[in-house]
Structure formats: C-alpha cells, structure tokens
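Only the coordinates and a few stated rules stand behind these numbers; no lab work does. Remember, predicted model here, so these are calculated numbers, not experimental data. Backbone-built Cβ (ideal geometry, glycine too); neighbour counts: all protein chains shown.
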Amino acid sequence: MKPNSGLKPVNKFRVHKRNLPHWESPGNAYFITFSTAANYELTDGDKNITLSAIKYHSDKKYKLYACVVMKTHVHIILQPLEESPGNYFSLSRIMHSIKSYAANRIQRTSKQEGSIWLGENYDRIIRDEDDLSDILDYIIYNPVKAGIVDKPESYKWLYFEGLS
C-alpha cells in the first residue's frame, strides 16, 4: 500500500456505514451502482470519460466483469484485486479513483462546476453464479429496457466480458 494513502486495504470482513451499509469481504465480487448529482445528466462525452475511468484500473485494482454508463447512473460488476498478499483494494478506494478521475475530467472538458456524482454508492456482495448471471443480464439489458437501443451490442457505453 502507498504510504499515507488514508485508506487501508481490506484483509478481513468489514462493515461500515454512511447512509447505507457497506459490506466488504476479501475476494468477493460486487454489484455497484452510483448516480449523478441532482439535475445532472451525462452527455455522450461524459459517458466516454466515465467508461474510460472504469476501464483504466481494470486488472490493476480490480477485475472488471461488466459495466454500463447511463445518463443518470452507472452499474458495475467488479472484484477487487490483491494490493499485497492477503490484502485487497477497498471498494471506497476503487470508487474514489473512478469517480474522482471522471468528475475532474468532466469538469475540465465541459467547464461544469459543482458535483457530478452523489457521494455514496449502492454496493452489494454477489452471492453466487446465479446471482452473478441475473445481475449481468440486468446490466447488459439496461439500455434496451430504457428504450435507448434495440440490442445491447448497439449501446456504446456498455462493457462486458465477451463483447468484442
């Protein structure tokens, strides 16, 4: 871990709470949702920046299974990687990396002031293969259910393993 990072890696089950409870268990995958701040909708350029921010740390801080960037929210399935033997990157550190980088780039490129993202994320541990399959379907078909595209492959801001 980098000195003075302020956030320690996770090496045992941990629960913490702001408004929502957050459970972290080393080695598990998570379904995470975060939303834009009130009255802010992501432009296509903002979606590009956000998707790039999510993909940037893939295979460095986490294994990325899927994500979709919508106009007002983002869904991700990821699994934190080991930072050092037995210690995993924390969700708070991962989400700070994604949201901070994306917000700063969005603000710079669009001259946007104020918050881009709500402060807290919704996250939950993925329990098993059936749960993972259900969440993958939910993410992959989110733009279709929203009426944006007819088939998932047509949505530019969708990533999942197996999509070329």
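The table that follows gives values for the structure above.
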{"read-out": "Extension reserve of the GLN79-ALA37 stretch, reckoned as 0.36 nm per residue once the Cα distance is removed", "value": "12.6 nm"}
{"read-out": "For TRP117, distant residues with modelled amide H under 5 Å away", "value": "ALA37"}
{"read-out": "Exposure proxy ranking, count of Cβ atoms within 10 Å, fewest first, for TYR159, TYR30", "value": "TYR159, TYR30"}
{"read-out": "Amide H contacts of GLU83 (H built 1.01 Å from N, under 5 Å, at least 5 apart or other chain)", "value": "TYR88, PHE89"}
{"read-out": "Stokes-Einstein D for the stretch 39-164, Kirkwood Rh over Cα pairs, 4 °C, 1.567 mPa s (µm²/s)", "value": "84"}
